[in-house]
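Only one structure is covered here, and it is reproduced in the block below.
The values are calculated or read from the model by the stated rules, or taken from the named source; none is laboratory data. Note that the coordinates shown come from a computational prediction; the quantities given were computed from them, not determined experimentally. Note: ideal-geometry Cβ built from the backbone for every residue, glycine included; neighbour counts use all protein chains shown.
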Amino acid sequence: MSHLLSEFPDFIHGMRADSVEQKGEILVFKGEFFLAEDGTPTGKTMAVFNMFKLLAQQLSGKYRLS
């Protein structure tokens, strides 16, 4: 999975998926969203969201959590 992260076009140093959950057929990835101190999104937040979405799209059809 780390090669998928590093090849992501909007990769930001520190991006990582810390956990994953199975929600029906979809893998849901979670990790640092680079939120501001007050919890609001920053410019990096959308890049992280898109990375987690890409991981879900590419990996959900191939893997299941037990």
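Brief remarks on what is shown
- Yes/no for residue 27 being in contact (Cβ under 8 Å) with a residue 24 or more places away in the chain, exposed (fewer than 14 other Cβ atoms within 10 Å of the Cβ), of a type in the set (A, V, I, L, M) and not in a helix (DSSP H, G or I): no
- The residues of the stretch 30-41 that are more than 9 Å from the chain's Cα centre (by Cα) and exposed (fewer than 13 other Cβ atoms within 10 Å of the Cβ), listed by number, are 36, 37, 38, 39, 40.
- Being modelled with pLDDT of 95 or more and part of a helix (DSSP H, G or I) holds for only one residue in 56, 36, 47, and it is 56.
- Count - residues of the stretch 1-24 that are outside any loop (DSSP other than H, G, I, E, B) and not charged (D, E, K, R): 8
- Cβ pairs under 9 Å, 6+ apart, first in the stretch 44-66 and under 13 Å from residue 17 (Cβ atoms), second small (Gly, Ala, Ser) and assigned to a helix (DSSP H, G or I): none
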